[in-house]
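Notes follow the structure.
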Amino acid sequence: MYEQPELGFEFDALEPHMDEATLKVHYGKHHTTYVKKFNDAVEGTEFSEKDLGEILRNLDTIPQDIKLAVINHGGGALNHSFFWRCLIPTKEFKEIDGKIKAAIEEKFKSFEEFKKQFSDAAATVFGSGWAWLVKGEDGLEIIKTSNQGSPLSIGKVPLLVIDVWEHAYYLKYKNLRPDYIEAFFNIINWEQVEKNFLTE
Ligand code: MN
């Protein structure tokens, strides 16, 4: 059983950057459905008791008949849980600082250059997917995953993510994905990103 974690803030806490109506549907319908469908798929198997991160790190151990459901719904469940933790209420936002700032500046030359590359990646995800800052063998990198693909499945440690499925922004931003990406930078929880960077 995978349990959907608490959102951690009120539905209107990310206004005006991420609107209340979108967040209610996104957390309460989309994310909830991924969790339910994942649990349904693994019910009665050994995977119902395993850690979802471990499952996604070891996709080659999943039986063929439930593999696609695990990738899609298990990925959807964990990706969204991770996404919410990357966000912070508008009123509590703090600029990037500390070790994660130093690491980003070392890798990307400047924070502005990182922001440009991350935003470009998010804007150019074709169809539905996610753009990530991850840590791998070569240090920090920006990657994209399609649908509900997880960086864990390719051996990367996720540090930051943006959901660029249309359900994440269409109610407020319509087809203007770049505006949503720009607004996202006002609600990134950099302390959490730094924790992700330091703990694994
Ligand atoms: Mn989503």
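Computed from the coordinates by the stated procedures, all read-outs in this text should not be read as laboratory data. A quick note: this is a predicted structure, and the numbers were derived from the prediction, not measured. Using ideal geometry, Cβ is built from the backbone for each residue, glycine included, and neighbour counts are taken over all protein chains shown.
General observations
- When you count the other C-beta atoms within 10 angstrom of each residue and take the mean per peptide, 128-134, 18-24 line up highest first as 128-134, 18-24.
- Normalised contact order of the range 86-183, rounded percent, pairs of Cα under 8 Å and 6 or more residues apart: 24 percent
- GNM flexibility winner over the chain from Ala122, Ala103, Ala77 (Cα, springs under 10 Å): Ala103
- Full extension of the segment from Glu166 to Glu15, taken as 0.36 nm per residue of separation minus the current Cα-Cα distance, would add 52.6 nm.
- Spatial separation of Cα centroids for the range 1-74 and the range 138-200, in angstrom: 16 Å
- Only helical runs count toward this figure. For the chain, summing -39,500 (n - 2.57) over DSSP H runs of n ≥ 4 and dividing by all residues gives -12000 deg cm²/dmol at 222 nm.
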